[in-house]
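Notes follow the structure.
The values are calculated or read from the model by the stated rules, or taken from the named source; none is laboratory data. Just so it is clear, the structure is predicted and the values come from calculations on it, not from any experiment. As a convention, Cβ positions derive from the backbone with ideal geometry for all residues, glycine included, and neighbour counts pool all protein chains shown. Please note that ligands, DNA and RNA were not included when accessible areas were found on the heavy atoms of the full protein model with its side chains. Shrake-Rupley method; radii C 1.70, N 1.55, O 1.52, S 1.80 Å.
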Amino acid sequence: MEKKLIPVSTPFLSGKEASIVSESIGKGWISSGGPYILEFEDKFKKLNNRLYASSCSSGTAALILALQAIGIKEGDEVIVPNFTIISCAQAVIEAGAKPVFVDCDPHTYNMDTSKIEAKINKSTKAIMAVHIYGLSCDIDPILELAKKYNLKIIEDAAQAHGQTYKGKPCGSFGDVSVFSFYANKHITTGEGGMVLTDDLSIFKKVQSLKNLCFNNHSRFKHEKLGYNFRMTSLQAAFGIAQIDNLPKVIETKKAQADFYMKCLGGHDNLLQLPIAKNDFCDNHYWVFPIVFKKEHTFPEVSKELKAKGIETRPFFYPLSKQPALKKYSSTSSPMKKSEGLYEKGIYLPMGPHLTEEKINYICDCLLELIS
Ligand SMILES: *Cc1c(COP(=O)(O)O)cnc(C)c1O
């Protein structure tokens, strides 16, 4: 008999989403105008201690807007972690620039900042700092390099809503910082994104680029090309209902991770479990990643777990090996850590649908498979 799958992720809802969204509909605000957008942007920028917030249609769109708004252009190079989502490299390419990859730390999954400086040259214009899987990346060395070489920082906090680095919010560090509100992020609007900055000129560029660069004086005459990356009022209303729920989301995920740790602990020879805390932060567990230390690999274990009704996800495929990126990035030094992780890592279900009973079941199945 086919078992109903335990999904790898389900969205956290506060329960207020439907009423605020229908309020927005009732008032006639269904496209990208109106007070709900402004309220969501205002609440979100305050959450992250920033001066300006511009909502948009996705985290990928936010990255594309961010790079172009800080002036990245053809001939430039941007340092990007090798272990991240394709959007990070794609946004660089969309700006006409070249992504240059840096390997990750195999325990935190974040960019190994000791390997950045060797990749900096005359064409380097920016470093993309991405917080991966729940731990903030090491921002201080990135800030130092940016200062030393006069580089901009794009901070991708799409997996780090409510996370901090040494007590300061993730999303407060970049010349420009971006978030995603996809359904599996800690705050969701279904699909959506946000660009944050303290620089008014960057903010104005983002506002213009996301809105087809309409002209204030002569609306349909365009001096530049942009995008339609606007967020809708329906998404913003949904987001307003989500913001206050963030502490509960993080608390729930931490409790689920603690329980996973208990069930999977004591098997150091078989499994690498996530780091619960480091010098920068407590882990917020955007996902619960595990790495197989013995012969087991991602496709095999995932398939067997699926047969037992458990959905999992593979780790990020290293950008240095992405077929779609071959012609845009040069073959540089080997990326042993991130390239090695893909075959060995998966992440396990998390979300409001999980109970301790289900986590027990997942861990029992997993340990049976790999012991
Ligand atoms: C989810 C994510 C994105 C992309 O966001 P979308 O809203 O899915 O386009 C970008 N960067 C990181 C690190 C992400 O996790």
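In vacuo Debye scattering of segment 1-87, one point per C-alpha: log10 I(q)/I(0) at q = 0.11, 0.14, 0.15 Å⁻¹? Treating every Cα as an identical point scatterer, log10 I(q)/I(0) equals -0.56, -0.82, -0.90. Cross-link pairs exceeding 28 Å in C-alpha to C-alpha distance, out of LYS122/LYS344; LYS115/LYS344; LYS152/LYS204; LYS166/LYS253; LYS248/LYS336; LYS210/LYS321, comprise LYS122/LYS344; LYS248/LYS336; LYS210/LYS321. Whole angstrom only: what separates the Cα centroid of segment 35-74 from the Cα centroid of segment 85-123? Cα centroid of segment 35-74 versus Cα centroid of segment 85-123: 21 Å apart. Looking at the chain alone, DSSP beta bridges between its own residues are antiparallel in about 55 percent of cases.
Legend: P(r) of segment 290-356 from all alpha carbon pair distances, 5 Å bins from 0, whole percents, reading 3, 15, 21, 19, 15, 12, 8, 4, 2, 0. Around the amide H of ILE6, modelled in the peptide plane, lie the amide H atoms of ILE310, GLU311, all under 5 Å away and 5 or more residues distant in sequence or on another chain.
Applying a DSSP loop filter and a limit of 15 other Cβ atoms within 10 Å to the trypsin sites (Lys or Arg not before Pro) in segment 50-153 leaves LYS73, LYS122. Diffusion coefficient (Stokes-Einstein, Kirkwood radius over C-alpha pairs, 4 °C, 1.567 mPa s) for segment 212-371: 67 µm²/s, rounded to a whole number. Less than 5 angstrom separates the built amide H of LEU271 from those of LYS293, all sequence-distant by 5 or more or on a different chain.
Tell me, what is a quarter of the convex hull surface for the C-alpha atoms of segment 213-294, in nm² with one decimal?
For segment 213-294, averaging the hull's shadow over all directions gives 10.5 nm².
Please compute the net charge surrounding GLU117, taking Lys and Arg as +1 and Asp and Glu as -1 over other residues with Cβ under 13 Å from its Cβ. With Lys, Arg at +1 and Asp, Glu at -1, the neighbours total +2.
By accessible area of protein heavy atoms, probe 1.4 Å, what ranking do PHE203, PHE179 get, highest first?
PHE203, PHE179
For LYS254, the aspartates and glutamates whose Cα comes closer than 15 Å to its Cα, not counting residues fewer than 8 places off in the same chain, are ASP282, GLU356.
Our estimate of slack between GLU223 and ILE120, defined as 0.36 nm per intervening residue step minus the Cα-Cα distance, is 33.8 nm.
How many percent of the accessible area of the chain is carbon or sulfur, using a 1.4 Å probe? Carbon and sulfur atoms account for 53 percent of the accessible area of the chain.
Amide H contacts for VAL102 (H built 1.01 Å from N in the peptide plane; partners 5 or more residues away or on another chain; cut-off under 5 Å): VAL80, ASN82. Here the chain yields Rg over Rh of 0.98, to two decimals, using C-alpha coordinates and the Kirkwood radius. Taking the centroid of alpha carbons for each part, segment 257-306 and segment 149-168 are 24 Å apart.
Checking the a/c ratio against 1.5 first, then a/b against b/c, what shape does the Cα gyration tensor give for segment 128-215?
Here segment 128-215 falls in the oblate category.
Residues in segment 232-237 carry Karplus couplings, in order, of 8, 4, 5, 5, 5, 4 Hz; the curve used is 6.51 cos²θ - 1.76 cosθ + 1.60 with θ = phi - 60°, and Gly or Pro positions show x.
In terms of its alpha-carbon gyration tensor, segment 154-203 comes out oblate; a/c meets the 1.5 threshold, while b/c is at least as large as a/b. Between the alpha-carbon centers of segment 308-329 and segment 217-234, tell me the distance in whole angstrom. Between the Cα centre of segment 308-329 and that of segment 217-234, the gap is 33 Å. Evaluating 6.51 cos²θ - 1.76 cosθ + 1.60 at θ = phi - 60° for every residue in segment 198-203, the Karplus couplings come out as 9, 9, 4, 5, 5, 4 Hz, glycine and proline recorded as x. Evaluating 6.51 cos²θ - 1.76 cosθ + 1.60 at θ = phi - 60° for every residue in segment 37-52, the Karplus couplings come out as 4, 5, 5, 5, 4, 5, 5, 6, 5, 5, 4, 10, 6, 10, 8, 10 Hz, glycine and proline recorded as x.
With an 8 Å Cα cut-off and a minimum separation of 6 or more residues, compute the relative contact order for the chain in percent.
Numbers: 782 pairs, mean separation 88.6, N = 371.
24 percent.
With 0.36 nm allotted per residue and the present C-alpha distance subtracted, the GLU251-THR297 stretch has 13.5 nm of extension available.
How much mean residue ellipticity at 222 nm does the chain get from its helices, if each DSSP H run of length 4 or more adds -39500 (n - 2.57) and you divide by all residues, to the nearest 500 deg cm²/dmol?
On the way: 11 runs with 128 residues, N = 371.
The per-residue figure over the chain is -10500 deg cm²/dmol.
Taking Cα centre as origin and charging only the Cβ of basic (Lys, Arg, +1) and acidic (Asp, Glu, -1) residues, the dipole magnitude of the chain rounds to 860 debye.
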